[in-house]
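All remarks here apply to the structure that follows.
Only the coordinates and a few stated rules stand behind these numbers; no lab work does. It should be emphasised that the depicted structure is a prediction, and the values quoted were computed from it without experimental measurement. Methodologically, a virtual Cβ is constructed for each residue, glycine included, from the backbone with ideal geometry; neighbour enumeration extends over all protein chains shown.
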């Protein structure tokens, strides 16, 4: 009889102190998560390169850990921890998520997958569809990206299920940058390659332990040169490309090379 | 009988000088192959303490002095120049040229070694070019001056006309001034290296500052065979030079005390004492660069007002007795951090370019940096204000005392740094 009574109650009878205890746990969890997020972010701001990115990548793991621990403490306080009760609770939650909060749940699960698989981490530069930017925060439901134009974009993790995510640096402190040059077809390509290589070698942003490559492709309207090199830091990618383009243009002009003109009709085709 | 025999045997052994191994005294000035250069290191315990202090620095908002001078700190004065010769190691580049003679003698005497060029690489502010110039004079060689910066920027690959007729030795003391980090800035050095390495411009000695060498080596993959550098001046070498200076003041005894705890700095006046850990840290921080160590040592010394009155004559000539004991206070803190705004990469790039070229005129700096002139100018004045850069007659340099802190900062941020 007593067993039946015990099992028939899903929730425990909560008294005032239980509510206070629950409140304290929730507030403490929020504070710990906030403090850790801010603390680690602040600390990473004082570091550079790989150390910085590693520290930033830890943030979502720490948050997930604190949330799981909090849930593990809260559940036995609210629910009688029997098999039947847990089955009933999980069934109800599952049903609610499946119907009412389907998309939300999908994003939450995708968020856990993203953290576990490390598809993107804080500090990574990713492209999702037309959006390109730095991962600022991997939340539970969304990933927060700051674009080069300083726009804050929230992308639901659920996009992971059906859209490709391009990660440009994948946890590394640097990424490949490409500067494009379009020249009229009649010229000495070797000379151009030489100039472009020197251009990269003399850039103040260049990271030396990675290769420099010049790739060229013949087009109906001229030759397309792609100068590929790595800057010292991911944050320098735009400065690096601008520097290469600016100096490349003046250097190629000085040497008498003519830039290709592509009419809008051709360029669209 | 047996006892006597035993005794005589041990005596013989003790006195057996012919078999005794004689350990040669370590050369103070010594050139070694580039790969044999050894950076002085601190013991692991000290390194851990340093690591802890760097960790603490992350949380430190501003740099506050932590020293406790037993008296009032205001009573202390920096070292007057007349006492420098007694309290600072004396740097004689003539010793450097002798060491260079030793290392180059084989190459000079054998014309068939197959290497027409020898490279002498030196740390920034290590006196490398001064030694080479002195050596060139001693050996009646032609000194090749670097071309104008404007000529380099024009993209000309015409070498300076000062190269001698074939057969005469030439010395180029500053290879780092033969190029600029500009798309036109590599042409002349490319031509020079091509001619030099193939022996088309005769036999020569090329000096290069280590940052410039690292850069050129990555671009041109230079020969690794005939490359030499001055071996690091470790704590023992530094103490030897310092002791020589201190002992010149025959009638005055200098007592070096640590400002933070009042303890004696050991190892200077007596060979019996262990070398104070400060000197190990100093040598390690300055990566064995003698001039830097001397400079930093000088900065650390403080005298009380009454000791400032000690005249040179008192130190050299007295009536044969020690007339006074002069206390020299020393601050043992070596600050390794450079406090730059963490987001300001432009400042880091300015410092890097300055180290790479061993200083540059302001107007040339504007031409090779990837920012606009006003940004360059404001960055430069900010660095001048911080005391990291100095401007001498329009030419900007990273200051000596900040050189290794800047190197450390560049290394942490993955910029190209030297190997020395």
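Structural remarks
- Distance in nm between pseudo-label sites at residue A:109 and residue A:19 (7 Å out along the Cβ direction from Cα): 3.5
- Cα gyration tensor shape for region A:177-268, rounded if a/c is under 1.5, else prolate or oblate: prolate
- By average C-beta atoms within 10 angstrom, highest first, the peptides A:202-209, B:283-290, B:201-208, A:33-40: B:283-290, B:201-208, A:202-209, A:33-40
- Acute angle (nearest 10 degrees) that the helix A:83-99 long axis makes with the longest principal axis of chain A, alpha-carbon atoms: 40
- In degrees, nearest ten, helix A:237-254 long axis to first principal axis of chain A (Cα): 10
- Distance from the C-alpha centroid of region A:194-236 to that of region B:192-233: 26 Å, rounded to the whole angstrom.
- Taking the Cα atoms of region B:148-189, the ratio Rg/Rh between the radius of gyration and the Kirkwood radius comes to 1.02.
- With Cα atoms defining each centre, region A:13-30 and region A:51-115 are spaced 18 Å apart in the structure.
- Taking every residue in B:177-183 and counting other chain Cβ atoms within 10 Å of its Cβ, the average works out to 4.
- FRET efficiency for the residue A:152 to residue B:39 pair, using the beta carbon distance and R₀ = 35 Å, is estimated at 0.15.
- Between 0 and 90°, nearest 10: helix A:49-78 axis offset from chain A longest Cα axis: 20
- For chain A, a Kirkwood hydrodynamic radius built from all Cα pairs, placed in the Stokes-Einstein relation at 10 °C and 1.306 mPa s, yields a translational diffusion coefficient of 69 µm²/s.
- Förster radius 41 Å - calculated FRET efficiency between residue B:32 and residue A:191, Cβ distance, rounded to 0.05: 0.45
- For region B:172-212: span of alpha carbons on each principal axis (Å, largest first): 28, 20, 10
- Counting all C-alpha pairs of region B:178-260, share separated by more than 15 Å (%): 72
- q = 0.15, 0.17, 0.18 Å⁻¹, region B:114-225: log10 I(q)/I(0) [Debye, one scatterer per Cα]: -0.60, -0.79, -0.89
- Measuring how big region A:2-117 is from its alpha-carbon positions, Rg and Dmax come out at 18.5, 63 Å.
- Label point distance in nm, residue A:80-residue A:31, each placed 7 Å from Cα along Cα→Cβ: 3.4
- Highest-first arrangement of A:180-189, A:235-244, where packing means the average Cβ count within 10 Å: A:235-244, A:180-189
- Residue by residue along A:245-252, Cβ atoms of other protein chains within 10 Å of the local Cβ number 2 on average.
- Cα centroid separation - region A:124-187 against region B:387-405, whole Å: 39
- The mean number of Cβ atoms from other chains found within 10 Å of a Cβ in peptide B:213-226 is 1, as a whole number.
- Peptides A:111-119, B:154-162, B:405-413 ranked from most to least packed, by the mean per-residue count of other Cβ atoms within 10 Å: B:405-413, A:111-119, B:154-162.
- Each Cα pair of region B:345-412 feeds into the Kirkwood radius, which the Stokes-Einstein equation turns, at 4 °C and 1.567 mPa s, into a diffusion coefficient of 111 µm²/s.
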